[in-house]
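The values are calculated or read from the model by the stated rules, or taken from the named source; none is laboratory data. All figures in this text were calculated on a predicted structure; none of them were measured in a lab. For neighbour counting, all protein chains shown are included, and Cβ atoms are generated from backbone atoms with ideal geometry for every residue, glycine included.
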Amino acid sequence: MTLNSTIERVTERIIARSEGPRGQYLAQMAAARAKGPARGHLSCSGQAHAYAASGDDKGRLSAGQSGNLGIVTAYNDMLSAHQPFEGYPEIIKAAVREIGGTAQVAGGVPAMCDGVTQGEAGMELSLFSRDVIALSAAVALSHNTFDAAVFLGVCDKIVPGLVIAAQAFGHLPAVFLPAGPMESGLSNDEKAKVRQQFAAGEVGRETLMAAEMAAYHGPGTCTFYGTANTNQMLMEFMGLHLPGASFVSPNTPLRQALTRFGAQKALSLSALGAEYTPTCDILDARAFVNGIVGLNATGGSTNLLIHLVAMARAGGIILDWEDFSDISDVTPLMARVYPNGLADVNHFHAAGGLGYMIGDLLKEGFLHPEVQTVAGQGLEHYTKDPVYADGELSWTQGPAASLNDRILRPSADPFQPTGGLKRMSGSLGTAVMKVSAVAPENRIVEAPARVFSDQASVKAAFKAGELNTDTVVVLRFQGPKANGMPELHSLTPLLSILQGKGHKVALVTDGRMSGASGKVPAAIHVSPEAVDSGPIARVQDGDMIRVDGAAGTLDILAPDVEARADAKPELASAQWGTGRELFAMFRNRVSAATDGASIFGE
């Protein structure tokens, strides 16, 4: 099948735009590669330090004749998605010993949960944690004792941070090993109803707690299609997972077999063997375009507009939100997974999942087929499903048709002809909306603004009955430079209540709303942000705001906006406590959301 002309044009545009930084990056990776296996350059004393506690592996390490695999882990046992990683190091070490290699835990990285910190001060560290993770992983690999690496991470900022680090060490092969989703519990739709009932005062905290515990009930990733599961999708579309690895449940024989094979595969791709496949060769412009196609075809998380930009720049590839918009305009929405529908990722996986989607998108010319992956040359490897039987792991061809067309449809008969994300632009700046979660009749809102500078004030106005009318809630001073760009998902239930009463409601903010963005139209990531003198800093109560998710426009319908002075918030109280004072340098250095909201680069 011929590659879609828009996909081809956008890819060529990215390659041309990135020529200088990409060339410089690849030259750096070639220089690192030319030095050969790193351990051979360490002093005897340095090697002795590195091998002192390695037990029975000490002989192989000191001989320097076998590959050594570095394990970078985001394990902690507070977060369900990362708890399964506890036993991975021993599984990995045993697996690579079988092929004559060794493995060591190079280091750990922090892993925080936006679900825990929603509406709390800790959420203001969340986005910055991505760059902390990249720095931490770089420290872990800086000892230069490894020939390849495996990265253990799942959730919101963890995978993007690990990818940034993997590209800093892009001359090494890297395989990402997921943990998988928890088993389905209370349906996401029922959970959302209870949250709305609690916000409306119809049920108490005991009922809310029971519902939440029934939804989040065991080890594994949350089952709705938020940022964590969008990350997993991307790792398959971009060739860093084993085929079909994303949505296999934790603590199952198949999950363990994939972990073992992934560790062996990573070491087999090192420069010591004949299949050398460094990460820098996998993550080229075509891989990122494939990832953007996957993001739109699945209706994935809005967070990835920020993360993919930052991830790409770590490899010298310059993405622009216009690239996302142009790809979205031609990419069919093939999946309905909560919050875009009632199904969870387990239902999606059972209906044919990523293997079916990749196969269909390849057939219809929406994906670059001849990319390099950890499974080999060509994305067709990712149309296959893993099978574990009689003690052997193998791959078989995935389904040629959807097994449930209420969840998953072919690109020729999609849920909608364009992707799940919409770039917004106009007199209020640039933003994004997750239109796949919003009913078509709710995508256009023109209403008076109510302006706020913090979430607590929005909630107080709701409780006081002040928002019981057609309203565009403008919540500003939530951008990366102001307070770290927290997610504002805790506002979803109350805004949904207002919409349910028949009011036209929308949210406009320079903050984030995450992959859990709900049925209320939300123009998020507004850039320039308020503290950068973006137009959002000059909106006043009563100004008419038009949010048009169909046309992709975001405008303030007031003639004197430019003549107004910027609002000046009181930000001091948001810059200390819960460790926020330690991140002042991040707030001072961070780039705009359109540039990845990162502390790295110029």
(request) Sort through Tyr276, Tyr338 and tell me the only one that's closer than 17 Å to Tyr225 by Cα, over 15 Å from the mean Cα position of the chain (by Cα) and either surrounded by fewer than 24 Cβ atoms within 10 Å (Cβ to Cβ) or acidic (Asp, Glu) (or both). (result) Tyr338
(message) Yes or no: segment 97-111 includes at least one residue that is part of a loop (DSSP other than H, G, I, E, B) and either without any contact (Cβ under 8 Å) to a residue 40 or more places away in the chain or among the basic types (Lys, Arg) (or both).
(response) yes
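So which of Val520, Val531, Val526 ends up being surrounded by 20 or more Cβ atoms within 10 Å (Cβ to Cβ), in contact with a helix residue (DSSP H, G or I) (Cβ under 9 Å, 6 or more places away or on another chain) and assigned to a strand (DSSP E or B)?
Within the list Val520, Val531, Val526, the selection yields Val526.
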(message) Checking Asn303 against (1) in contact with a Ser or Thr (Cβ under 8 Å, 6 or more places away or on another chain); (2) surrounded by fewer than 24 Cβ atoms within 10 Å (Cβ to Cβ); (3) within 24 Å of Arg13 (Cα to Cα): exactly one of these is not met. Which one?
(response) (2)
(request) Give just the number: which of (1) modelled with pLDDT of 95 or more; (2) closer than 27 Å to Ile292 by Cβ; (3) under 24 Å from the mean Cα position of the chain (by Cα) does Leu428 not satisfy? (result) (3)
(message) Filter segment 506-517 down to the residues that are in a loop (DSSP other than H, G, I, E, B) and at pLDDT 90 or above and list them by number.
(response) Asp510, Gly511
(message) Just to check your reading of the model, which residue among Ala287, Ala314, Ala310 is under 19 Å from Gly419 (Cβ atoms), out of contact with any Cys (no Cβ under 8 Å at 6 or more places or on another chain) and modelled with pLDDT of 95 or more?
(response) Ala287
(message) Give me the residue from segment 1-52 that is polar (S, T, N, Q), part of a helix (DSSP H, G or I) and surrounded by fewer than 16 Cβ atoms within 10 Å (Cβ to Cβ) and, out of that set, modelled with the lowest pLDDT.
(response) Ser45
(request) Go over the candidates Phe600, Phe583 one by one and state the one that is crowded, with 18+ Cβ neighbours inside 10 Å and either outside any strand (DSSP E or B) or modelled with pLDDT of 95 or more (or both). (result) Phe583
(message) Tell me yes or no: at least one residue of segment 326-333 is β-branched (Val, Ile, Thr), assigned to a helix (DSSP H, G or I) and modelled with pLDDT of 95 or more.
(response) yes
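Can we say Asn251 is crowded, with 23+ Cβ neighbours inside 10 Å and at pLDDT below 95?
Working: crowded, with 23+ Cβ neighbours inside 10 Å: no; at pLDDT below 95: yes.
Criteria not met by Asn251.
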(message) Quick check on this structure: which one of Gly294, Gly226, Gly262, Gly220 is on the phi > 0 side of the Ramachandran plot, small (Gly, Ala, Ser) and touching a residue at least 12 places away in the same chain (Cβ under 8 Å)?
(response) Gly220
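Rundown of residues vs (1) surrounded by fewer than 24 Cβ atoms within 10 Å (Cβ to Cβ); (2) within 21 Å of Val337 (Cβ to Cβ), yes/no style:
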site: Ile92; (1), (2): no, no
site: Ala103; (1), (2): no, no
site: Val116; (1), (2): yes, no
site: Leu125; (1), (2): yes, no
site: Ala148; (1), (2): no, no
site: Leu152; (1), (2): no, no
site: Phe169; (1), (2): no, no
site: Lys191; (1), (2): yes, yes
(request) Would you be able to say whether some residue in segment 127-136 is within 19 Å of the chain's Cα centre (by Cα) and among the basic types (Lys, Arg)? (result) yes
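Quick one: would you say Leu283 is in the same structural domain as Gln24 (by TED's automatic domain parsing) and either under 13 Å from the mean Cα position of the chain (by Cα) or crowded, with 23+ Cβ neighbours inside 10 Å (or both)? Please lay out each step first, then the result.
Details: in the same structural domain as Gln24 (by TED's automatic domain parsing): yes; either under 13 Å from the mean Cα position of the chain (by Cα) or crowded, with 23+ Cβ neighbours inside 10 Å (or both): yes.
Here the answer is yes, as Leu283 does meet what is asked.
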(message) Suppose we filter segment 396-408 for residues that are in a strand (DSSP E or B) and either in contact with a Leu (Cβ under 9 Å, 6 or more places away or on another chain) or surrounded by fewer than 17 Cβ atoms within 10 Å (Cβ to Cβ) (or both); how many remain?
(response) 2
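Among the candidates Ile556, Ile545, Ile536, single out the residue that is among the β-branched types (Val, Ile, Thr), in the same structural domain as Ala464 (by TED's automatic domain parsing) and either closer than 25 Å to Ala310 by Cα or modelled with pLDDT under 95 (or both). Give the steps one after another, and end with the answer.
Details: Ile556 fails: either closer than 25 Å to Ala310 by Cα or modelled with pLDDT under 95 (or both); Ile545 fails: either closer than 25 Å to Ala310 by Cα or modelled with pLDDT under 95 (or both).
One residue alone meets the criteria, Ile536.
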(request) Looking only at segment 541-548, decide whether some residue is in contact with a Ser or Thr (Cβ under 9 Å, 6 or more places away or on another chain) and assigned to a loop (DSSP other than H, G, I, E, B). (result) no
(message) Need the failing condition index for Leu491 against (1) over 30 Å from Asp189 (Cβ atoms); (2) in contact with a helix residue (DSSP H, G or I) (Cβ under 8 Å, 6 or more places away or on another chain), just the number.
(response) (1)
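One residue is enough: does segment 464-484 have a residue meeting the conditions assigned to a helix (DSSP H, G or I) and closer than 30 Å to Tyr338 by Cα? Let's see the steps before the verdict.
Within segment 464-484, the subset assigned to a helix (DSSP H, G or I) is 480-483.
From what's left, closer than 30 Å to Tyr338 by Cα: 480, 483.
Yes, because at least one residue in segment 464-484 is assigned to a helix (DSSP H, G or I) and closer than 30 Å to Tyr338 by Cα.
A quick yes/no check of all residues on (1) in contact with a helix residue (DSSP H, G or I) (Cβ under 8 Å, 6 or more places away or on another chain); (2) outside the structural domain of Asp543 (by TED's automatic domain parsing); (3) crowded, with 18+ Cβ neighbours inside 10 Å:
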{"site": "Thr383", "(1), (2), (3)": "yes, yes, yes"}
{"site": "Gly391", "(1), (2), (3)": "no, yes, no"}
{"site": "Pro410", "(1), (2), (3)": "yes, yes, yes"}
{"site": "Ser427", "(1), (2), (3)": "yes, no, no"}
{"site": "Val451", "(1), (2), (3)": "no, no, yes"}
(request) Return the total of residues in segment 461-487 being at positive phi and in contact (Cβ under 8 Å) with a residue 60 or more places away in the chain. (result) 3
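With the condition kept exactly as written, say whether any residue in segment 361-375 is at pLDDT below 95 and hydrophobic (A, V, I, L, M, F, W, C).
No, the conditions are met nowhere in segment 361-375.
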(request) Collect the residues in segment 133-146 that are crowded, with 24+ Cβ neighbours inside 10 Å and not in a helix (DSSP H, G or I), keeping them in residue-number order. (result) Phe146
